[in-house]
Amino acid sequence: MEELLRCKTVQEAFRFLEKDDKRTLQETLEMCQIPAPSYQEEKKAEYVFGKMQEAGLEDVHIDEVGNVLGVRKGNGNGPRIVLAGHTDTVFPMETDLTLKQDGNRYSCPGIGDDTRAVAELLSIARAMNAVGIRGEGDIVFCANVCEEGLGDLRGTKHVFGVDGSARHPFDGFISIDDKNTSGIIYQAVGSERYLVTFHGTGGHSYTGFGIPSPIHAMGRAIAKISDFQVPSAPKTTFTVGVVNGGSSVNVIAEESSMLVDMRSLDANALAELSAKFHKAVEEAVEEENARWGLGINDSDCITVTFEQKGKRPAGTQEKQCQIVQAANVANQVIGMETLYIGAASTDANIPISLGIPAITVGWGGKGGGEHTIHEWYEHTETWKGPQRDLLLLLALSGFEGIRKYQLPHITDFNVDFSKE
Ligand SMILES: [Zn+2]
């Protein structure tokens, strides 16, 4: 990594990134003014599309789900690495996006998470173009949609073809999506989320007494779920986050519903928990019906429907693995101490679950208040994030014969990105 750092062109690129920092801030401020809730990122995508073209990337295009992709072609046959930041935010369309400034601190919903990261993608692409740097493999810049909440990683699912689309042959993935510049997330917390709805006929609480209640059935289900025993390692969790139902105090409800969230670092533990949850709900319904002497064929009996609201795959990598340690050493040579964050749920979940080396790292500068309307971003030593990312990309791709951290090139067929 030190050898890389000593390269004249890398030094030039580093100086470019420092000089380009003003423009990166300007673009961050412009972009955070564009509302972009998950599934409604079109305007921001258009902005990024124009900037990627200006930055000299090739094959710039917006794919079917709204991801903006552009390529910095490599010199030869090295690994193909994706550098990503997400365009969506957790804030609804009507959120007040008035930008406030106090010294070098700026406040605006979405300014850090993940607008700053998208601006850094553009700056890194510009730097590579300006000084003429190429890796051995292609470096794909990707401003992806739908990282947040019910967006359910739709953008990266598409990039990696797990939504049934064509699978791109990527060998490594870096997402910039954390407020700690030197942070490294290398394990993927998987999740399954369900909306469970209990249906009944309903009735008067006195004259209709004897009709089973969807709310009582749901209560039975929640009681069972509350008693679940789950492993602490790999950490596995569950919660009933939202409950709804009923119309009045003297009415047997017609309907009730709950939102359930289950998570684990381990795919098998998550699958086991999910199976247990489904079984518990089915049993609760049977018990509620049986309590009133009804079977599944009686017209007043309770029925239940499951609607899956989210599924993010789990996966683990060793802390000592190549991509994590490459990022760690890149942090060190830039003068930052690595903050191992370990596990989270990010765009890197998708490649990690597929066995493709992937991490999520932090953007430059400081930030806080993510996912609140008080989100802020502080513009201090901001170029260190992009500098680390450039170094990391070159190390993983291979550059001027330096290959200590080069990722294996697992796929060697050519893909035309412009023809998706
Ligand atoms: Zn984010």
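Ile402 fulfils the conditions (1) within 16 Å of the ligand (Cβ to nearest atom); (2) open to solvent by less than 40 Å² (accessible area, probe 1.4 Å) except for a single criterion, (1).
The condition of being open to solvent by 30 Å² or more (accessible area, probe 1.4 Å), out of contact with any helix residue (DSSP H, G or I) (no Cβ under 9 Å at 6 or more places or on another chain) and β-branched (Val, Ile, Thr) does not hold for Thr316.
If the condition is being within 14 Å of the ligand (Cβ to nearest atom) and either of a type in the set (A, V, I, L, M, F, W, C) or in a loop (DSSP other than H, G, I, E, B) (or both), then segment 151-171 contributes Asp152, Leu153. Comparison of Gly310, Gly368, Gly362 shows that the only residue that is within 30 Å of Pro35 (Cα to Cα), within 16 Å of the ligand (Cβ to nearest atom) and crowded, with 24+ Cβ neighbours inside 10 Å is Gly362.
Residues satisfying the criterion are present in segment 119-128 (criterion: open to solvent by 10 Å² or more (accessible area, probe 1.4 Å) and more than 16 Å from the ligand (Cβ to nearest atom)).
The single condition from (1) within 16 Å of the ligand (Cβ to nearest atom); (2) under 16 Å from the mean Cα position of the chain (by Cα) that Val65 fails is (1). Being at pLDDT 95 or above, in a strand (DSSP E or B) and over 30 Å from Gly342 (Cβ atoms) holds for only one residue in Thr305, Thr237, Thr201, and it is Thr305.
When the test is whether a residue is among the small types (Gly, Ala, Ser), open to solvent by 50 Å² or more (accessible area, probe 1.4 Å) and out of contact with any strand residue (DSSP E or B) (no Cβ under 7 Å at 6 or more places or on another chain), Ala275 passes it.
Screening the candidates Asp96, Asp113 for the property of being within 14 Å of the ligand (Cβ to nearest atom), open to solvent by 10 Å² or more (accessible area, probe 1.4 Å) and either farther than 23 Å from Tyr39 by Cβ or of a type in the set (Asp, Glu) (or both) yields one hit, Asp113. Among the residues of segment 204-218, what is the count of those that are part of a helix (DSSP H, G or I) and either without any contact (Cβ under 8 Å) to a residue 60 or more places away in the chain or not assigned by TED's automatic domain parsing to the domain that holds Trp292 (or both)? Summing the residues that are part of a helix (DSSP H, G or I) and either without any contact (Cβ under 8 Å) to a residue 60 or more places away in the chain or not assigned by TED's automatic domain parsing to the domain that holds Trp292 (or both) in segment 204-218 gives 1.
With respect to (1) within 16 Å of the ligand (Cβ to nearest atom); (2) open to solvent by 30 Å² or more (accessible area, probe 1.4 Å); (3) touching a helix residue (DSSP H, G or I) at 6+ places or on another chain (Cβ under 6 Å); (4) not in a loop (DSSP other than H, G, I, E, B), the lone exception for Ile350 is condition (2).
The values are calculated or read from the model by the stated rules, or taken from the named source; none is laboratory data. All figures in this text were calculated on a predicted structure; none of them were measured in a lab. For neighbour counting, all protein chains shown are included, and Cβ atoms are generated from backbone atoms with ideal geometry for every residue, glycine included. Note: areas computed on protein heavy atoms with side chains; ligands, DNA, RNA excluded. Shrake-Rupley method; radii C 1.70, N 1.55, O 1.52, S 1.80 Å.
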